[in-house]
Structures are given as structure tokens and as C-alpha cells.
1. Picking from Ala65, Ala101, which residue would you name as being touching a Lys or Arg at 6+ places or on another chain (Cβ under 6 Å) and touching a residue at least 24 places away in the same chain (Cβ under 8 Å)?
2. May I ask you to verify whether Thr104 is of a type outside the set (A, V, I, L, M, F, W, C) and closer than 21 Å to Ile119 by Cβ?
3. Restricting the stretch 263-279 to residues that are over 10 Å from Glu232 (Cα atoms), in contact with a Leu (Cβ under 9 Å, 6 or more places away or on another chain) and not aliphatic (A, V, I, L, M), which is surrounded by the fewest Cβ atoms within 10 Å (Cβ to Cβ)?
4. Identify the residue in the stretch 144-184 that is out of contact with any Ser or Thr (no Cβ under 9 Å at 6 or more places or on another chain) and either of a type in the set (Lys, Arg) or at pLDDT below 95 (or both) and, among all such residues, is farthest from Gly230 (Cα to Cα).
5. Against the definition (in a loop (DSSP other than H, G, I, E, B), of a type outside the set (Val, Ile, Thr), over 18 Å from the mean Cα position of the chain (by Cα) and surrounded by fewer than 20 Cβ atoms within 10 Å (Cβ to Cβ)), how does Gly69 come out, yes or no?
6. For the stretch 146-161, how many residues are assigned to a helix (DSSP H, G or I) and away from the ligand (no atom under 16 Å from the Cβ)?
7. Among the numbered conditions (1) at negative phi; (2) crowded, with 17+ Cβ neighbours inside 10 Å; (3) within 16 Å of the ligand (Cβ to nearest atom), tell me where Gly83 comes up short.
8. Which of (1) within 16 Å of the ligand (Cβ to nearest atom); (2) closer than 18 Å to Asn111 by Cα is the odd one out, the single condition Ala50 does not satisfy?
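The values are calculated or read from the model by the stated rules, or taken from the named source; none is laboratory data. The structure displayed is predicted, hence computed values, not measured ones. Heads up, the Cβs are rebuilt from the backbone with ideal geometry, glycines too, and the neighbour counts pull from every protein chain shown.
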Amino acid sequence: MPLMPLGVMLGVGTDFANRLRSIKEAGFPTMQLSRPPDEWLAEPRRAKLAQLIEDSGIEVTSVAAIYDGESYADVETVRRTVGLLPEETRAARVADTKLCADFTHEVGAPNVSSHIGYIPEDRVDPGYGALVSALQEICDYLERRKMNFCLETGQESGQLLSQFIRDVDRENLKVNFDPANMIMYGTGDPIDALALLAPWVRGVHCKDGEWPKAEGQLGEEKPLGEGQVGIERFIAKLQEIGYEGPLTIEREIPGDQQMRDFVRAKKLLEGIKAKLDID
Ligand code: MG
């Protein structure tokens, strides 16, 4: 495998077999998956899904735990519905993360990743301690299979995330760094945050986006190269910190346009890698 092999973030669902074929034909050696819907995690579909993935020859580098009832409509809705912060769903979602981890292990991927929700800035906030405990439980479960849990960046500053990682105090707690999220959530310059989080980065999303236009809103996601991340400086910074893992293209739109954007982003990244002499 070359340094920084390219990949895509792929949802499991309708037409998955065809989409997998398109990804393979486009020449992607790696992919991250999102947690398959329940009907795909039950037999006999589960075994069929694992077989499809194995037959594709594409390496799964991570599976993203996503949860029922989440919405990314605006900052307030994210705070209320996303990840492990909402108390009423926390225990069920921790259990679901373990189910997701079992599937991840079956397809041979080393990482489960997720947005865990807004980490409270105040360490004495009860939500902060609850998130620390939830992450310790999940990390301990994953450790038995020699797997990592990767925190998806975006909803907090690099400073806060690094403090949180130290407080959870588990060797297998890592980071999936998404530079576009930091911009879209308005949490800070992603390149500065990447330098701070370098020791923990095990995966990245190559995604682009714009800063929020108004308080309480989220910025808009853009095709790679058309937002405000500065994707070349992002890849150069990854090279500088010694990152060699996959570059996973994420494009959060459905259908054929997503595939077209994957292919365009691949060309862009191949050009940047050649220019920076990464192979
Ligand atoms: Mg992402």
C-alpha cells in the first residue's frame, strides 16, 4: 500500500453492491463505511454484506457509528440529538456502538469512529464526566479486540479535544480528523488543530466546506477544493506530522453526484500527492 492511500466514505444501503463496484472501478484501495442499517446487520444479509466487502478487495479502514434520531440541521439540533451527550439515549447508543464494533471486527477494520456530540467546555459539567465514562467503557470493549475508537473532529476546538482525550486516558482513543467540520462548525483553524492533535490522528476525512454565515448555523459542505479548508495545505501538514494513513474522501450528498465528486476529488488529491512527492 502506498503512503496516504486514497479512499471514500461510503454508506451501506440501497444499491450497495453497485456502489462498491463503482468505487473499485474508480481505483480506490480503501474505504470507511457507516454503520449498516439494522436490516443489514441481521442474518442472512450480514454474511452477504461481509462477503461483498471481502470480494471487493477494498480495505475497510474504519466504520462510523451513527445513531437513530440524530440530526445535523443546526447547532442547537446537533447539541440536542447527536452522539453520546444526550442522556436519555446514552446507554442505548453505547450498546449500539459495541454492536457496530462487532461488525467492524468481522470486516477486519481496526477503527470505529463517531461524532460523540458536543463535549462541554466546562470539565465540571456533568455531561463532561458522563462522556469520559462512556468513552472509557467503549474503549475498554474495543481494546479486547485490539481496536481503536476514533473521535471525529469538528464540534469542539483542538484544545478541548486533546484535553478530553487525556481525561479519558485510554491508549486506544484516537482521532479521525475532518478539517471541513472544524470550519463548518466554526471551531477554529483546522491546520492549527491538526498540529495539536497529531499524536492521535489515525484517519482523516478529505472534505471541504465554508464557515457559518450566521450564529447558530452550520457552514455549507462543498466539493473538495471548492471550500475554505485549503486542501493542499492540509495534505502538506499531514506530511509534516508524519501521517501515512488513508485519505478518505467524504461527500455528504446522495446518488450519482456523490460518485462524480469522489472521482474529481481523487484527481485533485493525486495531483497534490505528486506535487508533494508522497507515494
Ligand atoms: Mg467527517
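1. Residue meeting the stated conditions: Ala65.
2. Considered against the rule, which asks whether it is of a type outside the set (A, V, I, L, M, F, W, C) and closer than 21 Å to Ile119 by Cβ, Thr104 comes out as no.
3. Asp279
4. Only one residue tops the list, namely Arg144.
5. Against the criterion (in a loop (DSSP other than H, G, I, E, B), of a type outside the set (Val, Ile, Thr), over 18 Å from the mean Cα position of the chain (by Cα) and surrounded by fewer than 20 Cβ atoms within 10 Å (Cβ to Cβ)), Gly69 qualifies.
6. Going through the stretch 146-161 one residue at a time, the tally reaches 2.
7. All conditions are met except number (1).
8. For Ala50, the failing item is (1).
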